[in-house]
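This report refers to the structure that appears directly beneath it.
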Amino acid sequence: MMLKRSFFSSNLKSSERIGPHDFLIIELFFGSLLGDCYAEKRNNSTRFVFHQSSRNVEYISFLVNTLVEFGYCSKGLKKKKQIGKKNKVYFSIKKATFSFSSLNWVYDCFYSDKKKKIPDEISFYLTARALAFWLMDDGSRTKYGIVISTNSFTRDDINRLRKALLQNFDLETTIQVQNENQYRIYFPKSQIVKLRKIVQPFFVNSMLYKLDPYNLN
């Protein structure tokens, strides 16, 4: 049963937002933190920040609507204008949750000296739904497979993730070396059908293209 805590309003102190936290929300946080989401701990409380290109408005709207429904953030999205190379204009959407002292343990799982790492407990929290959030956030289709951008993690972190994927879902992966000390996790053609069956039920429609390599057939 899903327990929706509407009292997580902005008027409450972080120490008063004590849970319990529905496991769906924990899956969302863990899956997103494997990608571009980041956590901030300040004043002995933790909040989670989501940042997506405006092209992914359906996806971040889904995330925010879920968090609003369970009482973890306020309603509404705001676009942010950014200037890129050659003065090209980009728009992105950024959204932060309320702060929770009862979620400091999630921050502690993912950070050491303010640097993101892969939790030792990742096998327990890497569920099918968490994997779907991770893929929607940081996955990309290639010519024959699917790759996850894990460039910021160490090789030991990557191997911990690959072990969890194999242990939890019987998914075999390889490591792609990008640059020195930068690695990506690759799902080869032989694993795509299995991967789709696992995560597709949790995918937002606008992100389904990521499960369709260009030359799969």
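Listed values, structure above:
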{"quantity": "Selection status of LEU165, in contact (Cβ under 8 Å) with a residue 60 or more places away in the chain, surrounded by 15 or more Cβ atoms within 10 Å (Cβ to Cβ) and touching a strand residue (DSSP E or B) at 6+ places or on another chain (Cβ under 9 Å)", "calculated": "no"}
{"quantity": "Residue count for region 133-182, restricted to those that are part of a loop (DSSP other than H, G, I, E, B), among the polar types (S, T, N, Q) and within 16 Å of the chain's Cα centre (by Cα)", "calculated": "4"}
{"quantity": "Tally, over region 171-193, of residues that are of a type in the set (Asp, Glu) and within 15 Å of PRO213 (Cβ to Cβ)", "calculated": "0"}
{"quantity": "Of all residues in region 1-25 being crowded, with 19+ Cβ neighbours inside 10 Å and under 24 Å from LYS116 (Cβ atoms), the one that is modelled with the lowest pLDDT", "calculated": "SER14"}
{"quantity": "Residues of region 122-140 satisfying the condition of being surrounded by fewer than 17 Cβ atoms within 10 Å (Cβ to Cβ) and at pLDDT below 95", "calculated": "SER140"}
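Yes or no, residue by residue, for (1) aliphatic (A, V, I, L, M); (2) over 23 Å from ILE60 (Cα atoms); (3) without any contact (Cβ under 8 Å) to a residue 12 or more places away in the chain:
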residue	(1), (2), (3)
ALA132	yes, no, no
ASP138	no, no, no
GLN178	no, yes, no
GLN182	no, yes, no
ILE185	yes, yes, no
ILE198	yes, no, no
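Here is a yes/no grid of residues against (1) under 17 Å from the mean Cα position of the chain (by Cα); (2) modelled with pLDDT of 90 or more; (3) under 20 Å from ASP137 (Cα atoms):
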position	(1), (2), (3)
ARG42	no, yes, no
GLN52	yes, no, yes
VAL57	yes, no, yes
VAL64	yes, yes, yes
TYR72	yes, yes, yes
LYS85	no, no, no
TYR90	no, no, yes
SER102	no, yes, no
SER112	no, yes, no
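The values are calculated or read from the model by the stated rules, or taken from the named source; none is laboratory data. Please read all numbers here as calculations on a predicted model, not as lab measurements. Counting neighbours? That spans all protein chains shown, and the Cβs are built from the backbone with ideal geometry, glycine included.
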